[in-house]
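What follows is a single structure, written as structure tokens, with notes after it.
The values are calculated or read from the model by the stated rules, or taken from the named source; none is laboratory data. Because the structure is a prediction, the values reported are computed rather than measured. Please note: Cβ atoms are built from the backbone with ideal geometry, for glycine as well, and neighbour counts cover all protein chains shown. These area figures cover heavy atoms from the full protein model, side chains too; ligands, DNA and RNA do not enter into them. Shrake-Rupley method; radii C 1.70, N 1.55, O 1.52, S 1.80 Å.
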Amino acid sequence: ILQNNLLAGQTLFITGASRGIGKAIALKAAKDGANVVIAAKTAQVHPKLPGTIYTAAEEIEALGGKALPCIVDVRDEKQIGEAVERAVQKFGGIDILVNNASAINLTGTLETSMKKVDLMLGVNLRGTYLTSKLCIPHLLKSKNPHILNLSPPLNLNPIWFKNHTAYTMAKYGMSMCVLGMAEEFRGSIAVNALWPKTAIHTAAMDMIGGAEVGKQCRNVDIMSDAAYAIFGKPPSYTGNFVIDEEILKTEGIKDFDIYAVAPGNALLPDFFLDEAEALVQNMGDPVVIPVVKGSTAASGPIAETFNIIKGVLNPDIVKSTGGVYKFDLSGEHAGVWFIDMKNGGGSAGSGEPPVKADVIMTMDSADFTKMFAGKLKPTMAFMSGKLMIKGDMSLAIKMEKMMSMMKSKL
């Protein structure tokens, strides 16, 4: 799709190109016979994440491109400078910069260490600014120069800050680079941002959300195709915060199932888009559980839900989940509840869990009922700001297995 040889002979400098979206963009360019500078940290095999700068280089050259693998930490000015100079010496210049390298940590203010804050600000904001600064003198010599940052629209809705303020600040720093540099170099360099409408399936996504979340994602090809469409635009196309699906529609793409990891499954909306909240709100009809008039917490809809949870708990679920959950519920049926899917045959009930919780979920009681009826997935609730999670995010995904078993009972 969208392969018309427009990048033949051009040089792309891509940060974080050893895997994921960065590598997908590199491979798309390689099919045109482009030169690709792989500026990334991974020189040796990671225990959990596949790919190195050298394996990526082999894949690029197998497709007809030329590769220059460079060991680079985007926070290090000397390493970036050396990689830029090597690129210019080997390929004669730089035509396109893709600021893809990013660090993520989805935790609240009190749970986020300053080491993590510094990492996210250093990689996302400073790394993007620094790499752009050092590439711009060479981009200005190109016939059709582009800077593309993998960052979101600047959405100031508080729901995108409340659960992960540090990450949002760091990611928005990349977007602010677009806003400023697009205007600063208007008429000379196209500076744009690209962001996916839905979650994209990568190895990093598996680490954050678990393997099951992949079924609700699109693959990396939609982002590489969207980037390719942007690279075909002239320098006057600048200052845009592009959503992958939207630009591909303008290119004539109508069937987006080709990008789905599991066609037919509901897609997980990505962060920072207001559509995410709307998608959550429109996930089926409201869940109605009969409530006895004058009922208390011990006999209301939450208690009824927990009675059903007790009925589906078994050693197999406990073994496959391995987590203790605490629910701090607000709203009409406020209270504290727990599910132990880690010890013995499992247990559930009101009050504090018998052992320390691995995950604490804070949400409205109405959303809790909807979530356990299969009408609201934990991942979508979290991304829309309806659910705050403290602890192991992957356990929130694992809990969906039990929810699917409960759906027929509610």
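A single member of Ile60, Ile71 is among the β-branched types (Val, Ile, Thr) and under 30 Å from Lys254 (Cα atoms), and it is Ile60. A search for C-beta distances below 7 Å between a residue of segment 260-274 that is open to solvent by 10 Å² or more (accessible area, probe 1.4 Å) and any residue that is polar (S, T, N, Q) and not in a loop (DSSP other than H, G, I, E, B), counting only pairs 6+ apart in sequence or on different chains, returns Asn265/Gln216; Ala266/Gln216; Leu267/Thr198; Leu267/Gln216; Asp270/Thr198.
Scanning segment 55-77 for residues that are farther than 14 Å from Gly16 by Cβ and either of a type in the set (Gly, Ala, Ser) or buried (at least 23 other Cβ atoms within 10 Å of the Cβ) (or both) yields Ala57, Ile60, Ala62, Gly64, Gly65, Ala67. One residue alone among Ile159, Ile200 is open to solvent by less than 20 Å² (accessible area, probe 1.4 Å), of a type in the set (Val, Ile, Thr) and in contact (Cβ under 8 Å) with a residue 60 or more places away in the chain, and that residue is Ile200. When the test is whether a residue is under 18 Å from the mean Cα position of the chain (by Cα), aliphatic (A, V, I, L, M) and open to solvent by 20 Å² or more (accessible area, probe 1.4 Å), Ile104 passes it. Each residue in segment 213-259 was checked for being of a type in the set (Ser, Thr, Tyr) and either under 18 Å from Val178 (Cβ atoms) or in contact with a Pro (Cβ under 6 Å, 6 or more places away or on another chain) (or both), and 3 of them qualify. Just to be sure, is Ala87 assigned by the TED database to the domain that holds Leu119, part of a strand (DSSP E or B) and aliphatic (A, V, I, L, M)? No.
Residues are listed down the side, and each one gets a yes or a no for (1) β-branched (Val, Ile, Thr); (2) outside the structural domain of Ala366 (by the TED database); (3) closer than 16 Å to Thr369 by Cα:
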| site | (1), (2), (3) |
| --- | --- |
| Asn307 | no, no, yes |
| Val318 | yes, no, no |
| Val324 | yes, no, no |
| Phe327 | no, no, yes |
| Gly335 | no, no, yes |
| Phe338 | no, no, yes |
| Met341 | no, no, no |
| Gly344 | no, no, no |
| Ser347 | no, no, no |
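Restricted to segment 174-184, and to residues there that are open to solvent by 40 Å² or more (accessible area, probe 1.4 Å) and touching a residue at least 12 places away in the same chain (Cβ under 8 Å), the residue that is farthest from Thr131 (Cα to Cα) is Glu183. Scanning segment 78-99 turns up no residue that is closer than 22 Å to Lys197 by Cα and open to solvent by 10 Å² or more (accessible area, probe 1.4 Å).
Scanning segment 2-24 finds one or more residues that are over 21 Å from Ile222 (Cα atoms) and part of a strand (DSSP E or B). Looking only at segment 1-42, filter to residues that are open to solvent by 10 Å² or more (accessible area, probe 1.4 Å) and among the polar types (S, T, N, Q); which one of those is modelled with the lowest pLDDT? Checking each candidate, the answer is Gln3.
Against the numbered list (1) at pLDDT 95 or above; (2) at negative phi, Gly187 comes up short only at (2).
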